[in-house]
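Worksheet: one structure, shown below.
Rule-based calculations on the coordinates, nothing more; no lab input. Worth saying up front: this structure is predicted, and the values here are computed from it rather than measured. Every residue, glycine among them, receives a Cβ derived from its backbone with ideal geometry; neighbour counts consider all protein chains shown.
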Amino acid sequence: MGGHARFSPSSGKRRLECPPSLLLEEQFPDEESPFAAEGSAGHAMAEYLINKYLKKRTKRPVSDYYSDELLEAVDDYVEYNIGQIEQARKDCDDPFIGVELKVSLAHRIRDCFGTADMVVVDSHKIHIIDLKLGKGVVVDAEQNVQLMIYGLGVLDMLGFLYEIDTVELTIVQPRIEHFSTWEISAEELLVWGKDVLEPGAAKALAGEGEFKAGDHCRFCKARFTCRARAEEYLKLAQMEFAEPALMSDEEIAEVLSKADALKKWAEEVYTYAQNEAVVNHKEWPGYKLVLGRSNRKYTDEDEVAEAAQKAGYTDIYKKSLIGITEMERLMGKKEI
Ligand code: SF4
């Protein structure tokens, strides 16, 4: 195992929902965002702390991303894992504990492997625990394709050593205090692997199936220029209004709900286009990159005022009304 998985567990949901996204995304270079780099640093620290707890030889990682806030979030995750490890030790004489465990499903799907953050196996249950350091979107464990793939991989790998009947998937999102756990029976997971994952992955790897936009587009490399996604958003704008001439409150509320999604997508496309123009000098038909007005400032206002007055300029100051907060401070709230 090594290199880059063409069908990676983290993009599993996207591949199953929109199979042709796999070949489409392969046309784009890899993205490395500061959020991803911070996430990797957080995972490395968690791995170190858990290995240290397990008394394994390990080296403390170093990174500029280690703020107090990030380390606190990592601590919460580590604490949760220690609880799971101790519970497994109570329930089973010889539990399996895997930190940053490489999981391969190559025997089921060509080019499918990944790294599970934490795997604990006791006498009858596989626990897959995943650390998410994002704060923006809540991620749930229920039907989470990424974790289901890890669970299936571990089941294939260790199912013959332990009598596994249940696979428990947990997402720990410490920065928003979100812990989500979901269980699936080993039997159901095996059926899902055969009936859903394997045919879906085969379709994706062959570049077959239909494009389908949805929440899974969020991390797709094609998201800014994808036609299917654009069409999905533009559909939002095509609302059908009934008579009479004025919109009802319900219709206005419906426009508001759709406008949010539409605005967000339009902003993403705008940011992408602007970035391409600035970084890659891309020219968009009908648009010209205009440099913004520079924010010119005096380096020393007193010096400039003195020099201007000496030169005979007197009308150099402007009067403006102070802000509400300042006025309140001056007069007290009642007076205003
Ligand atoms: S942006 Fe969405 S619809 Fe387009 S290829 Fe990616 S996942 Fe599919």
Margin query: Give me the percent relative contact order of region 124-264, please, defined on Cα pairs under 8 angstrom at least 6 residues apart.
Written below: 20 percent
Next item on the list: At a Cα cut-off below 25 Å, give the lysines reachable from Lys90, other chains included and same-chain residues fewer than 8 away excluded.
Entry: Lys52, Lys55, Lys56, Lys125
Check: Which value results when the Cα radius of gyration for region 9-210 is divided by 2.2 N^0.38 Å?
Finding: 1.04
Notebook entry, point to check: Where does the longest stretch of the chain lie that holds no GluC sites (Glu not before Pro) found in a DSSP loop with 15 or fewer other Cβ atoms within 10 Å?
Noted result: 33-141
Next item on the list: Could you go through region 147-157 in sequence order and give the Karplus-derived ³J(HN,Hα) for each residue, using 6.51 cos²θ - 1.76 cosθ + 1.60 with θ = phi - 60°, rounded to whole Hz, and x for Gly and Pro?
Entry: 6, 5, 5, 4, x, 5, x, 5, 4, 5, 7
Next item on the list: Counting helices only, and only those DSSP H runs with n ≥ 4, report the 222 nm mean residue ellipticity of the chain as the sum of -39,500 (n - 2.57) divided by its residues, in deg cm²/dmol to the nearest 500.
Entry: -14000 deg cm²/dmol
Check: Tell me, what is the Rg over Rh of region 10-116, with Rh the Kirkwood radius over Cα pairs?
Finding: 1.04
Item checked: Quotient of Cα Rg and 2.2 N^0.38 Å for region 216-280, N being how many residues it contains -> 1.41
Note to self: Give the lysines reachable from Lys203 as a straight Cα distance under 22 Å; neighbours fewer than 8 places away on the same chain don't count.
What the structure shows: Lys13, Lys194, Lys212, Lys221
Checklist line | Neighbour cut-off at most 14 other Cβ (10 Å), DSSP loop, chymotrypsin sites (Phe, Trp or Tyr not before Pro), region 219-290 | finding: Phe241, Tyr287
Check: Fewest to most neighbouring Cβ within 10 Å: what's the order for Val62, Val269?
Finding: Val62, Val269
Notebook entry, point to check: Taking Cα atoms, how many degrees apart are the long axis of helix 68-91 and the longest axis of the chain, rounded to 10 and kept between 0 and 90?
Noted result: 20 degrees
